[in-house]
1. Please pick out the residue among Val123, Val118, Val111, Val101 that is modelled with pLDDT of 85 or more, crowded, with 20+ Cβ neighbours inside 10 Å, farther than 21 Å from Thr314 by Cα and not aromatic (Phe, Trp, Tyr).
2. Looking for whichever is under 22 Å from the mean Cα position of the chain (by Cα), surrounded by 22 or more Cβ atoms within 10 Å (Cβ to Cβ) and at pLDDT below 85 here; the options are Ala46, Ala36, Ala26. Which one fits?
3. Quick check on my filter: what residues within the range 274-294 are closer than 23 Å to Gly252 by Cα, β-branched (Val, Ile, Thr) and surrounded by fewer than 24 Cβ atoms within 10 Å (Cβ to Cβ)?
4. Give the residues of the range 295-308 that are buried (at least 24 other Cβ atoms within 10 Å of the Cβ) and part of a loop (DSSP other than H, G, I, E, B), sorted by residue number.
5. Give all pairs with beta carbons closer than 8 Å in which a residue from the range 201-222 that is surrounded by 24 or more Cβ atoms within 10 Å (Cβ to Cβ) meets a residue that is at pLDDT 90 or above and of a type in the set (D, E, K, R); count only pairs at least 6 apart in sequence or on separate chains.
6. Give all pairs with beta carbons closer than 6 Å in which a residue from the range 278-294 that is part of a helix (DSSP H, G or I) meets a residue that is of a type in the set (Phe, Trp, Tyr); count only pairs at least 6 apart in sequence or on separate chains.
7. So which of Gly226, Gly273, Gly237, Gly283 ends up being touching a Cys at 6+ places or on another chain (Cβ under 6 Å) and modelled with pLDDT of 85 or more?
8. Considering (1) at pLDDT 75 or above; (2) under 16 Å from the mean Cα position of the chain (by Cα); (3) under 24 Å from Gly37 (Cα atoms); (4) buried (at least 24 other Cβ atoms within 10 Å of the Cβ), say which one Gly311 fails and leave the rest.
Amino acid sequence: MRQDSDSQPAPRTRVWVVTFASLLGAALAELLHLPAGALLGGMLVALLGSVFARVQIPLPKALQIAASAVLGATLCAAFQPSAWGALAEHWLIALINVVGVVAIAQLVALVFARVSGVDVRTVTLGLMPGGASAMVAVSEELGVDSRLVTLFQYVRLGVVILVAGAVGRWGSDGPGLHGATAMVLPGAPSSLWAWGVTLLVAAVGGWLGVRLKLPAGAFLGPLLLGVPLTALDISVGALPPGLLALSMWVLGVRVGSQFDAAAMQELRRVALGALGAAVAVVGGCMLLAWTWSTLGGVDLLTTYFATSPGGADTVLAIALGTHASLSLVLAVQVGRLLLIFLIVPSLFRRLSASR
């Protein structure tokens, strides 16, 4: 969470030092071949700088939107023609798991609210895996304590990323984070053509997603624009070298910079509970993934990433460096994102009526 408006800004030198250190951390994690290493390395250094040095790395809003849009466009490459067959085969059980993850988050929220006395609406928004920034924005619109929602969201997201990073390391099928190359896209287009199409999809899709106020619009917009193009054998998903890693660094720094010492001290009475609730949600989703893998015949790595209680963008970034079936992971993650924003208004009406 960000510092209060009346706190003194950090000296510029410290900001530059922490920014440079986060880039070094991202590069080191990439050299160690961690899945989404730039994301994990940047996030950890930014978090340490925020908590201990009271420095938040300044990231322009436009840069954050661009990073999410680049990731969304890159993931379009997962939807090659063969991927549609896998989705058709598993659509029903995937839908069940979309609902299952939401149900687990809601169950943990209800239990935590009863035990702790925290408003059930606050805990529900805090644990709901629907995009951290979007959930915080919704909480402000509904008059819910946005500070607590932010704490729960980013503690949950931190746990998800660390666990997913460990799982991704175990299931990695190659060194570091990678996206599609032009050679593997339909028609094997030239690199310049493939890069241009992907960047155009990222720019137009990201703008439309934000303009239409879609949930996680900068990420979801390029997906909704690019996936139909891949079904028409149009090449989407290749990027110039280094651009994907830079986008991952931006996403990681965005998460890490949300924590600061003052906010953590102010909210310490629920911080441990928030961590416990986040672990419970992640554990429940891991059990769901194991059940799906055992009964549905899908590999455990794919079911784990599919049911992981997102951020969809960060989880998919980590899955990108593994042999998980990205099309199935993508379908469940995006399906859940849309479901949450369809049910949140009616869910809150019910929760408000029961108070």
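1. Numbers: Val118 fails: modelled with pLDDT of 85 or more; Val111 fails: crowded, with 20+ Cβ neighbours inside 10 Å; Val101 fails: farther than 21 Å from Thr314 by Cα.
On inspection, the qualifying residue turns out to be Val123.
2. That would be Ala36, the only listed residue that is under 22 Å from the mean Cα position of the chain (by Cα), surrounded by 22 or more Cβ atoms within 10 Å (Cβ to Cβ) and at pLDDT below 85.
3. Residues satisfying the conditions are Val279, Val282.
4. Looking only at the range 295-308, we keep the residues that are buried (at least 24 other Cβ atoms within 10 Å of the Cβ), and these are 302-308.
Answer for the range 295-308, where residues must be buried (at least 24 other Cβ atoms within 10 Å of the Cβ) and part of a loop (DSSP other than H, G, I, E, B): just Ser308.
5. Pairs that qualify, where the first residue is surrounded by 24 or more Cβ atoms within 10 Å (Cβ to Cβ) and the partner is at pLDDT 90 or above and of a type in the set (D, E, K, R), are Gly217/Arg211.
6. Once the first residue is part of a helix (DSSP H, G or I) and sits in the range 278-294, its partners that are of a type in the set (Phe, Trp, Tyr) give Ala289/Tyr304.
7. Details: Gly273 fails: touching a Cys at 6+ places or on another chain (Cβ under 6 Å); Gly237 fails: modelled with pLDDT of 85 or more; Gly283 fails: touching a Cys at 6+ places or on another chain (Cβ under 6 Å).
The unique qualifying residue is Gly226.
8. (1) is the only condition that Gly311 fails.
The values are calculated or read from the model by the stated rules, or taken from the named source; none is laboratory data. Nothing here was measured: the structure is a model prediction, and the numbers come from that model. Methodologically, a virtual Cβ is constructed for each residue, glycine included, from the backbone with ideal geometry; neighbour enumeration extends over all protein chains shown.
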